[in-house]
1. Checking residue 301 against (1) out of contact with any helix residue (DSSP H, G or I) (no Cβ under 6 Å at 6 or more places or on another chain); (2) assigned to a loop (DSSP other than H, G, I, E, B); (3) β-branched (Val, Ile, Thr), which single condition isn't satisfied?
2. What tally of residues in the range 270-310 results from selecting those that are closer than 15 Å to residue 177 by Cα and of a type in the set (D, E, K, R)?
3. Is there any pair linking a residue in the range 295-308 that is closer than 20 Å to residue 43 by Cα and open to solvent by less than 10 Å² (accessible area, probe 1.4 Å) to one that is assigned to a helix (DSSP H, G or I) and not hydrophobic (A, V, I, L, M, F, W, C), with Cβ under 9 Å and at least six apart or on different chains, and which?
4. Consider the range 12-33. How many of its residues are under 21 Å from residue 222 (Cβ atoms), more than 8 Å from the ligand (Cβ to nearest atom) and buried (at least 24 other Cβ atoms within 10 Å of the Cβ)?
5. Among the listed residues 80, 68, identify the single one that is surrounded by fewer than 17 Cβ atoms within 10 Å (Cβ to Cβ), more than 14 Å from the ligand (Cβ to nearest atom) and over 16 Å from the mean Cα position of the chain (by Cα).
6. Look at the range 36-46 and say how many of its residues are at pLDDT 95 or above and closer than 20 Å to residue 122 by Cβ.
7. Would you be able to tell me the number of residues in the range 272-292 that are β-branched (Val, Ile, Thr) and in a loop (DSSP other than H, G, I, E, B)?
8. For the range 106-218, list the helices (runs of 4 or more DSSP H) that sit wholly inside it and hold at least 1 residues that are open to solvent by 40 Å² or more (accessible area, probe 1.4 Å), more than 29 Å from residue 268 (Cβ to Cβ) and within 14 Å of the ligand (Cβ to nearest atom); which are they?
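The values are calculated or read from the model by the stated rules, or taken from the named source; none is laboratory data. Computed from a prediction, not measured in an experiment: that's the story for all the values here. Using ideal geometry, Cβ is built from the backbone for each residue, glycine included, and neighbour counts are taken over all protein chains shown. For the accessible areas, the whole protein counts, side chains as well, though only heavy atoms, and no ligand, DNA or RNA atoms are used. Shrake-Rupley method; radii C 1.70, N 1.55, O 1.52, S 1.80 Å.
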Amino acid sequence: MSQASAPGAATARAFPNLALVKYWGKRDEDLILPVAGSLSLTLDAFPTTTTVRLDPGRDQDTFELNGAAATGTAAQRVTAFLDLVRERAGATTRASVRSVNEAPTGAGLASSASGFAALATAAAAAYGLDLDTSALSRLARRGSGSAARSVIGNVAIWHAGTDDETSFAEPVPAPDLAMVVATVDCAAKAISSREAMRRTASSSPYFVAWITSTETTLTEMVAACRAGDFTRIGQITEAHALRMHGLIASTEPPIRYLQPRSIEVMDAVVALREEGVEAYSTADAGPNVAVLVRPEQAEAVAARLRDVVGPEQVRTTGAGPGAHLLSGTEVPAAAEASTEAGS
Ligand code: 2P0
């Protein structure tokens, strides 16, 4: 579709996802092709809402995040992403991008997933690209790997694929799932997951075993999801998360994302299971712990975790929708945006 038919502005919303089978490592840095497939639950909390508006009067893109002009790497990644969209649309017009992200950034809650899923959806619409869900997932992947999964609602598998065409996410049938997120530390992590993945690939003696075992784990997880086997889904989730953190700890120099309080939360989850409450922990590239539960048990688990990390630090979330356009809505300009971001 040509730029002539582009609407010129669009707003989209996307939610973060938490991986139950983790993505860790790339086989192609430029195309963001992963070494293995992964599987995640898209949440219904902490969304990113993004407006892309074509701006013919400018000679460069502008990017405002939570009411403040973004510069440096964040702005460069947005422009590099818009360049991909412009190339496909045959367009050269620059854009203004305004984004409100309601997640605590940089603490392992994958704000880049909701961020690039929302940006891909809004930018494709603003530049007039007519993409189906798989194509949108492939596009979002180019911004951040995990964003490929946030294009899809509920449970999504991201196929590793072998090239740009074959590496995308799609839905997997699954039982009702919920997550209880215990925030241990909101500070930005010291080492980005992108950098930590590189270090893992170049220095961990376990990396090849990680790749082969993750493919096996993924097959088993898809079967458990299709069978509606919550117990097996939970067991695989917890084991695979600890395996990833073990892998990350095996790098040189070593990297450790979990903190003592993270382990306390994980121990509380084991104690809950011993009492007959089925809950399973996972953690991404940060110290926060997410606990997979049946939706009807989310509140009971949240109550227990509040005793560990504090009443304000626990949030229950359910399964959320895939990235979608919002009609007639626009991310407010700076002044109001900062208020909304804090709500
Ligand atoms: C995941 N993580 O599967 C894993 C588990 C973090 C730990 O996807 O370099 O921000 O932009 O493709 O997507 C974080 O990686 O990395 C991530 P890039 P991304 O959710």
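1. (2)
2. Qualifying residue count, the range 270-310: 4.
3. From residues that are closer than 20 Å to residue 43 by Cα and open to solvent by less than 10 Å² (accessible area, probe 1.4 Å), the pairs are 305/313.
4. 1
5. Within the list 80, 68, the selection yields 68.
6. 3
7. 1
8. 133-143, 193-203
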